[in-house]
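Each reported figure results from applying straightforward, stated rules to the coordinates on display, with no laboratory input. A quick note: this is a predicted structure, and the numbers were derived from the prediction, not measured. Here the Cβ is made from the backbone with ideal geometry for all residues, glycine too, and neighbour counts use every protein chain on show.
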Amino acid sequence: MDKELQKKYLQKGEKIGTAYKLLFPDNLVSGRGGDKMSNQTGSSLEFKDFRHYQPGDDLRNIDWNAYARSDNLIVKTFHKEVNPHIDIILDCSKSMAIKDEKSGTAIILAAILSTAAANSKSSHKLWLAADTFKETGNSSGRPSNWEGINFNHNCPPTEAYKKMAPNFVHNSIRVLISDLLWLEDPETVLSYFNHQAASIIVLEVLTNSEESPEFRGNVKFEDSESGEIIELYLDETAAADYIAKLSAHRDNWYRASQRIGATMISLSSEELLESKNLDKLLKNQILGVL
């Protein structure tokens, strides 16, 4: 994909995202004025509870009126403020660039999520799962200013993670945008991204032809990762076998996501590009309408 087309996709995603806000998981509790609060004790002005004084407590938090009534030292505790953050992980392996529409859909999704995060007063960062894990240029800024996104890498996100683990924000929302077309065990993959995360979201992006191939006869296939070319005869039986294996692979991901409390959503690149249909993200309470 050339830079001009990529810029158009980024701008399109940013424009769509202005109509939405990012929704937060239940373990980020709403505080006063829409601020997000954790259940930990902290030093914000949002009152939480009373408890007995313990050595080392801040004397400024002692309730002297309660002490006068009961002769017991009681301290006020407060919710600790949490700055919501979303880490977006974009799979930059070559299979994502089999069509411009496919990589374009991935870019648009990343741009929508980051713009919706900004609308919810949440910070964001775009990570590229490339030869290693790295931030894109201007990763915390507007999507239209992102730089350095290339879908030309041979290793899946797990290999990139092993080479250089990303410095995700503690208790962040983590979103993986990928076609998931690699052989690693889904639970192992998800365990990398689940460490100290508030929630995990997996957005699977496939083209219609990847989900249900329509061509028949002698077909040349190129391995998008290795570049190897093989010729196969694709008949109804072979196509049905492929569809069955893809379905089983997808089911493995759904089950692994369910076991750790992650949300997995499968999206058609053509459907999202043509109709801008985000119903699945709205239904799963990832996005809300402003």
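Placing unit charges on each Cβ (+1 for Lys and Arg, -1 for Asp and Glu) gives the range 131-189 a dipole about its Cα centre, and among Asn152, Leu181, Asn138 the Cα reaching farthest toward its positive end belongs to Asn138. Here the gap between Gln196 and Gln11, fully extended at 0.36 nm per residue and compared with their Cα-Cα distance, gives a gain of 63.4 nm.
Near Leu273, once Lys and Arg are set to +1 and Asp and Glu to -1 for all other residues with Cβ below 11 Å from its Cβ, the sum equals -1. Among the listed pairs Lys8/Lys94; Lys3/Lys99; Lys21/Lys276; Lys21/Lys283, those whose Cα-Cα separation exceeds 18 Å are Lys8/Lys94.
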